[in-house]
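Below: one structure, written as structure tokens.
No value in this document is a laboratory result; all are computed from the given coordinates. All values derive from a computational prediction rather than experimental measurement. Glycine gets a Cβ as well: all are built from the backbone with ideal geometry, and neighbour counts include every protein chain shown.
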Amino acid sequence: MFPARSQRRQINLKEEKKHLNTELNPTTGIRVDVLGPTIEVLTSPDAEGSDFCTLKGLIPPGVVIPLHSHADTEDFFVVSGEVQGLRQGSEGYEWFTGKAGDYVHIPGNAPHAWRNVSDEPVAALIITTPKMARFFLEIGRPVTNSPQPPTPDVIATFLAVSDKYGYWNATPEENAAVGIPL
């Protein structure tokens, strides 16, 4: 004889509790420099039973994330600062401003870019796929106290890893056309 449905659910919940844990302010302790911005991995891309990964991104003043796209959906919640984002509008590319408290949804394969033209860093929570988090971890460098301009070898590695993941990066000419000098 099988246990009643409510008893089965209680048994299943007990088994789930052995493997899953609710955490307040989780972090893996992993932070990487992604060619200027930094990413802190809050929830592991390898966490069992998770369909998404949560990151904390920091864009220092004057830093640009060039035009790119990928199949991974990204959701951004701006925690502090002010960031300019580039999106495809009805008449071409257009810049918008995201401020603390704003939520930005970027569907998969949507070309986009970011820039911080303010004097303050921008902090955002990023909810995305585990694949995207693995990409950041693969291209990321150790965080240091001073900026590390990317070397030609670092850029070549970034482009090779982007290609491996199927991510598109605009050319310097395409970036210049939308106001991003490289």
Springs between alpha-carbon atoms under 10 Å, Gaussian network over the chain: tell me which of F96, F158, F135 tops the mean-square fluctuations. F96
According to a simple spin-label model (label point 7 Å from Cα along Cα-to-Cβ), what is the distance in nm between V79 and R141? 2.4
Roughly how tilted is helix 5-19, in degrees to the nearest 10 and between 0 and 90, from the longest Cα axis of the chain? 50
Residue separation between K56 and A156 times 0.36 nm, minus their alpha-carbon distance, gives in nm 33.5 nm
Name the shape class, rounded, prolate or oblate, that the alpha-carbon gyration tensor gives for segment 114-182, where a ≥ b ≥ c are the square roots of its eigenvalues, rounded holds for a/c under 1.5, and otherwise prolate holds if a/b is larger than b/c and oblate otherwise. rounded
FRET efficiency estimate (nearest 0.05) - Cβ-Cβ, E120 to V178, R0 22 angstrom: 0.40
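Between rounded, prolate and oblate, where does segment 32-177 land on the alpha carbon gyration tensor, with a ≥ b ≥ c its root eigenvalues, rounded for a/c under 1.5, else prolate if a/b exceeds b/c?
Judged from the Cα gyration tensor, segment 32-177 comes out rounded (a/c under 1.5).
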Using a 7 Å offset from the Cα along the Cα-to-Cβ direction at both D163 and A100, what is the distance between the two label points in nm, to one decimal? 4.3
For the Cα atoms of the chain, what angle does the longest principal axis make with the long axis of helix 130-139, in degrees from 0 to 90, nearest 10? 50
Only Cα pairs within less than 10 Å get springs; with that Gaussian network setup on the chain, which residue of S69, S90, S44 has the largest fluctuation? S90
Give, rounded to the nearest 20 debye, the magnitude of the charge dipole that segment 37-182 has about its Cα centre when Lys and Arg contribute +1 at Cβ and Asp and Glu contribute -1 at Cβ. 160
Highest GNM mean-square fluctuation among L24, L42, L67, for the chain with Cα springs under 10 Å, belongs to L24
